[in-house]
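The values are calculated or read from the model by the stated rules, or taken from the named source; none is laboratory data. Predicted, not measured: the structure shown is a model, and the values here were computed from it. Note that we place each Cβ from the backbone using ideal geometry, even for glycine, and neighbour counts take in every protein chain shown. Heavy atoms of the whole protein, side chains included, go into the accessibility calculation; ligands, DNA and RNA do not. Shrake-Rupley method; radii C 1.70, N 1.55, O 1.52, S 1.80 Å.
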Amino acid sequence: MTPTAPTDSAQPSPRYRLSPGSRPATIVELRTAQVRDRLLRTELARVRTAAAAWRNGLGALLAALIGFSLIKGRSDVGQLTTAWAAWVGVLLLLALVTGTVGALLLIRAAHGRPAVTATRALTSVLAADHLDALASTAALRRGIAATLGCTLLLVAAVGATWYGPEREKPSLQVTTSAGAVCGSVVRLNRGVLVLKTTAGEVATDLTTALTITAVGRCP
């Protein structure tokens, strides 16, 4: 293929003329070209199929973790201290954001971008499919990373509810002639108050109590 001078001054780019090569293509070269053409024609479909499989698999994983309670912590985050409850809320918010982004990326990889191409930007079918396949592959990889990140954030949030310090409950200090007992209320039955103290559960007969004081923390 050799360039020739343009015949029109309004067209600065050179024109090209196709000419036969120095030798005919071999069988190996022809088969290689056929394989390359077949791969390009099926590339987008293969990427979309893989994206749909990843989307379904990751969706099933998240559904199993959440719907079937494979990970579960305290049912009431309010039982945690204020700082830990705030961290659990932040982790859950980040998990929601990353999970939404991951789902949108996986849907984009499996079904394409909701847009049309301008007429002036149209290319050949193979070139357009190849560009779409590249974009879908990139979206698939980012979607997988975001979905796995969502899973890790959920596990971290549940772990925080497991191992986070529990908020201290209001305590009572009961003073009797034998001394003072302080702890959180366990139960009250027929005038006998059972308090949970650092030494365990202690029962106190309220008929012998001299004072009963509500305290924020036991001394």
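So here's what we get for this one:
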{"item": "Cross-chain or 6+ apart pairs with Cβ under 9 Å, the stretch 142-156 first and in contact (Cβ under 8 Å) with a residue 40 or more places away in the chain and β-branched (Val, Ile, Thr), then outside any helix (DSSP H, G or I) and open to solvent by 20 Å² or more (accessible area, probe 1.4 Å)", "result": "155/71"}
{"item": "Flag if residue 136 is open to solvent by 20 Å² or more (accessible area, probe 1.4 Å) and of a type in the set (S, T, N, Q)", "result": "no"}
{"item": "Unmet criterion (only one of (1) open to solvent by 40 Å² or more (accessible area, probe 1.4 Å); (2) modelled with pLDDT of 80 or more) for residue 124", "result": "(2)"}
{"item": "Residues located in the stretch 164-179, provided they are assigned to a strand (DSSP E or B) and surrounded by 15 or more Cβ atoms within 10 Å (Cβ to Cβ)", "result": "171, 172, 173, 174, 175, 176"}
{"item": "Residue ID - surrounded by the fewest Cβ atoms within 10 Å (Cβ to Cβ), chosen from residues in the stretch 3-38 that are of a type in the set (Gly, Ala, Ser) and either at pLDDT 70 or above or part of a helix (DSSP H, G or I) (or both)", "result": "22"}
{"item": "Residue check, residue 219 in a loop (DSSP other than H, G, I, E, B), under 30 Å from residue 64 (Cβ atoms) and at pLDDT below 80", "result": "no"}
{"item": "Of all residues in the stretch 39-78 being under 26 Å from residue 130 (Cα atoms) and at pLDDT below 75, the one that is least open to solvent (accessible area, probe 1.4 Å)", "result": "40"}
{"item": "Selection count where residues are open to solvent by 100 Å² or more (accessible area, probe 1.4 Å) and either in a loop (DSSP other than H, G, I, E, B) or of a type in the set (Ser, Thr, Tyr) (or both), scope the stretch 180-207", "result": "3"}
{"item": "Only one of 139, 160, 110 that is of a type outside the set (Phe, Trp, Tyr), in a helix (DSSP H, G or I) and under 22 Å from residue 80 (Cβ atoms)", "result": "160"}
{"item": "Total residues in the stretch 208-219, condition open to solvent by 60 Å² or more (accessible area, probe 1.4 Å) and within 30 Å of residue 86 (Cα to Cα)", "result": "4"}
{"item": "Residues located in the stretch 148-163, provided they are open to solvent by 20 Å² or more (accessible area, probe 1.4 Å) and more than 14 Å from residue 65 (Cβ to Cβ)", "result": "162, 163"}
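One line per residue, one yes/no per condition, for (1) of a type outside the set (Lys, Arg); (2) touching a Cys at 6+ places or on another chain (Cβ under 8 Å):
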position: 147; (1), (2): yes, no
position: 162; (1), (2): yes, no
position: 174; (1), (2): yes, yes
position: 177; (1), (2): yes, no
position: 186; (1), (2): yes, no
position: 190; (1), (2): no, no
position: 194; (1), (2): yes, no
